[in-house]
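The values are calculated or read from the model by the stated rules, or taken from the named source; none is laboratory data. Here the structure is a predicted model, which is why all the values come from computation and not from measurement. Note that we place each Cβ from the backbone using ideal geometry, even for glycine, and neighbour counts take in every protein chain shown. When the accessible area is computed, the model is the full protein with side chains, heavy atoms only, and any ligands, DNA or RNA have been set aside. Shrake-Rupley method; radii C 1.70, N 1.55, O 1.52, S 1.80 Å.
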Amino acid sequence: MPIRPGCIYAGFCFLVCLALCWGGLRNTVLAHPDHEEPGLLFHFVATGHPIENGAISDQTHHVTAKLVGQPKLQTLGPAEGLTFNGTDEFLLLAEDYSAAKAALPTKEFTAAAWVNLARAEDAYGGIIGTIQDNGGSEQGWLLGFNNNRFSLALATTGGDDGQGKLTYMKGKTPIELGRWYHVAGVYDGKTMRLYVNGQLDAESTEQSGEIHYPPKSAFVMGAFHDNDEKYMLEGSIYEAKLYNRALPAEDFVKIAAKNDNLTKYVNPATKQVKFLVQPYLQFGTRTSMAVMCETNRPAKMTVEYGPKQPLANKLTSDKPGLIHTCILENLPQGEPQFYRVTCVDEADPENSVQSGLFSLQTDRGPEHAWAFGIIGDTQRNPAITRKCAEGIYSHRPNMLIHCGDVVDDGYAKNQWLKDLFEPMHPLLARAPMFPTIGNHEGNSHWYYDYFHLPQPEYYYTFTYGNAQFFMVDSNKSLAPNSEQYKWLDSELAKSKATWKFTCHHHPCFSSDENDYGDHNTGNYRGQPTYGDTNAQHVIPLYEKYGVDIAFNGHIHVYERTWPIYRMTINQKKGVRYITSGGGGGGLEQSTPQRTWFNLEFKRAHHYCMAVIHDRTIQFKAYDVEERLFDTFELTKDADR
């Protein structure tokens, strides 16, 4: 008869010991090698042990590990798995694999697991392994999945190109979400093999010799996790085993045959299409608007839109996907439109999800009055971010700019879902946001996946109303010979806009107490800079081409400078620099003595609004209690 989950046990097991307090990391245990099964290095079983007093039963220790986030035990048909949310949960077996060497193979190995995936379409996904994949530097191994197929990645001494070279061997069996699979990656020193439910799914002889481990990398379960990237598993792991030998093919046939009650089960919850990110707007122009959303499973997106109900127009995406974009074109300039989004599983038209009714408005053009919001450094504080977004929306902006650090960790998907899009949704569903990239994004692919921007996306320009915005990546070089400096020089020279605004994350001028030298103690390590030296490279361009306001974030305060020209205050020719970094990040403090360029400084969570008509701008800054704490009005001379 089929083996029930509670009956599978081979000597000492690798079990989870949880202290399920809110937040933080929990300790787990990696058991001693199991000598009853030849070559077994460790054995994880999330079997039917109840959670009692915030803990799950455990066995004796070999390597201390950490449970990151709050994965939960969940019964899926005949098995109970440790379930990960795909955003910020995984099992950290060792921060550096070298701490777990006794539990890792050196040459031949078998990594096998029972896994039930709720999402498998991402480019990278990990079940168990230790890997580093960064440009030409590729080492380690990983049993995982990508693009809806299981995979085995391996780097060996025989395949070394000087820095290490990984073979990503991908199976041919499409992954059905919600189904239990027994997946095994096998290497015998010469050949890599991948087995899915007892059947050979892929084979390669590209690698040979001993495993080429990286200098340092994490050993994890439930994630692709190297020093630069994290891709979390969304689904459940019931059992995982690692051997220092290559198991024969017949072993996997027997395992699948004895556990057909697992392989036949499909979790019905994975079938229902749901929004992970509700519809939001991107890159609005005078006649177009991009509508985006994200679903939990592949679907086709349809946008119904029009000036009134019933919505007369419809646009459907070309192919099923997870993060969806539909670009509505030929919209009437400046006229409000209503829209509704429906996402449908192409294989099952009855399986769909529909949004509420929202509205959008294109750019009315340079002759009309218009308004935009400014926010920065939302990071990981959804309560404050929500208040800022509600405050901005209360002024009904046409659009908004974000000064960077949209999340705290660009690779932590849950932060994009829960800390950015969820609290800002009522605003972003009705006004497009134009972001610039901050240091906390880490140049993550999620930044480029979630925002629809002109290439190359980390810098770009756009016009709105009678203004032109120049969005710059201050994480990259802005030196005079750099790509962005040359681009900015060219684009500013061509601009005929009445107003010129720039935005980059790091400040050209800052009165912060310690980001650019410790102004409290005088420990400067050179001369105090009172701003980011890389960002300061573009000051001459701003002055040459008459930039009106340079926006930035990074410092978690509000600061407005005097108009600055050639390092002096110049009311006629000067550029105003405004730091708006109060969207959620922990607040910072000013220098103990006033800086020469500082006009206004406020240590508060906040947002800003700018209203423009013709050559006049009204600018206001509000705290999260809707108190106005700074404002100015500027009317430009005709020659500026």
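Using the alpha-carbon centroid of each, what span in Å lies between region 504-563 and region 148-207?
50
If you line up the long axis of helix 249-258 against the longest principal axis of the chain, both from Cα atoms, how many degrees apart are they, to the nearest 10?
Here the helix axis deviates by roughly 90 degrees.
In sequence order, what are the phi-derived ³J(HN,Hα) couplings for region 76-81 according to the Karplus relation 6.51 cos²θ - 1.76 cosθ + 1.60 with θ = phi - 60°, rounded to whole Hz, with x for glycine and proline?
Result, ordered by residue: 10, x, x, 10, 10, x Hz.
Would you work out if region 485-640 is rounded, prolate or oblate? Take a ≥ b ≥ c from the square roots of the eigenvalues of the alpha-carbon gyration tensor; rounded if a/c is under 1.5, else prolate when a/b is larger than b/c, oblate otherwise.
Oblate.
Starting from the Cα-Cα distance between residue 634 and residue 348, subtract it from 0.36 nm times their residue separation and give me the gain in nm to one decimal.
Computed gain between residue 634 and residue 348 is 97.2 nm.
Given a 1.4 Å probe and heavy atoms of the protein chains only, how would you sort 210, 513, largest accessible area at the top?
210, 513
Past 28 Å, Cα to Cα, is the threshold; run 66/274; 387/573; 500/620; 314/620; 72/274; 413/620 against it and keep the listed order.
66/274; 387/573; 314/620; 413/620
Would you kindly find the accessible area of residue 264, with a 1.4 Å probe and non-protein molecules such as ligands, DNA and RNA excluded, rounding to the nearest 10 Å²?
Its heavy atoms expose roughly 150 Å² to the probe.
So, in Å, what gap is there between the alpha-carbon centers of region 414-432 and region 603-627?
20
Compute the signed sum of charges (Lys and Arg +1, Asp and Glu -1) over the other residues within less than 9 Å, Cβ to Cβ, of residue 484.
0
Using alpha carbons only, how many degrees (0 to 90, rounded to 10) separate the axis of helix 483-494 from the longest principal axis of the chain?
Between helix and principal axis, roughly 30 degrees.
What percentages, rounded to whole numbers, describe P(r) for region 487-529 computed over all alpha carbon pairs with 5 Å bin width beginning at zero?
Percent of pairs per bin, in order: 5, 17, 19, 13, 11, 10, 12, 9, 4, 0.
Extent of region 200-269 along each principal axis, from alpha carbon coordinates, in Å, largest to smallest?
Reported extents, whole Å, longest axis first: 42, 33, 19.
Rounding to the nearest 10 and keeping the result within 0 to 90°, find how far the Cα-based axis of helix 382-394 lies from the longest principal axis of the chain.
40
Quick one: dipole size for the chain, taken about the Cα centre, charges +1 on Lys/Arg Cβ and -1 on Asp/Glu Cβ, in debye to the nearest 20.
1180
Rg and Dmax of the chain, Cα atoms, in Å?
Reported Rg and Dmax, both Å: 27.6, 88.
How would you classify region 132-234 from its alpha-carbon gyration tensor, with a ≥ b ≥ c the square roots of the eigenvalues: rounded for a/c under 1.5, else prolate if a/b is greater than b/c, otherwise oblate?
oblate
Could you tell me whether region 331-406 comes out rounded, prolate or oblate from its Cα gyration tensor? Rule is a ≥ b ≥ c as square roots of the eigenvalues, rounded for a/c under 1.5, then prolate if a/b exceeds b/c, otherwise oblate.
Because a/c hits 1.5 or more and a/b fails to exceed b/c, region 331-406 counts as oblate.
Calculate what fraction, in whole %, of the accessible area of region 542-640 sits on carbon and sulfur atoms when a 1.4 Å probe is rolled over the protein chains.
47
Residue by residue, what Karplus-based ³J(HN,Hα) values in Hz, rounded to whole numbers, does region 366-374 have, using 6.51, -1.76 and 1.60 with θ = phi - 60° and x for Gly and Pro?
x, 7, 9, 6, 7, 9, 9, x, 10
Compute the normalised compactness of region 421-469: alpha-carbon radius of gyration over 2.2 N^0.38 Å, N being the residue count.
1.26
Accessible area of region 305-397 with a 1.4 Å probe: how many percent of it is carbon plus sulfur?
That fraction is 47 percent.
Take the Cα of residue 205, step 7 Å along the line toward its Cβ, and report every residue of region 151-186 whose backbone nitrogen sits under 16 Å from that point.
158-159
Using just the Cα positions, wrap region 276-378 in a convex hull and report its mean projected area in square nanometres, one decimal place.
Mean projected area of the Cα convex hull: 7.7 nm².
Within 11 Å, Cβ to Cβ, of residue 160, how many net charges do the neighbouring residues add up to if Lys/Arg are +1 and Asp/Glu are -1?
Value of the local net charge: -2.
Probe of 1.4 angstrom, ligands and nucleic acids ignored: what's the accessible area per residue over region 518-586, in square angstrom?
Normalised by residue count, the accessible surface of region 518-586 is 41 Å².
Once phi is turned into ³J(HN,Hα) by the Karplus curve 6.51 cos²θ - 1.76 cosθ + 1.60 with θ = phi - 60°, what whole-Hz value does each residue of region 527-535 show in order, with x for glycine and proline?
Per-residue couplings from phi come out as 7, x, 9, 6, x, 7, 5, 5, 4 Hz.
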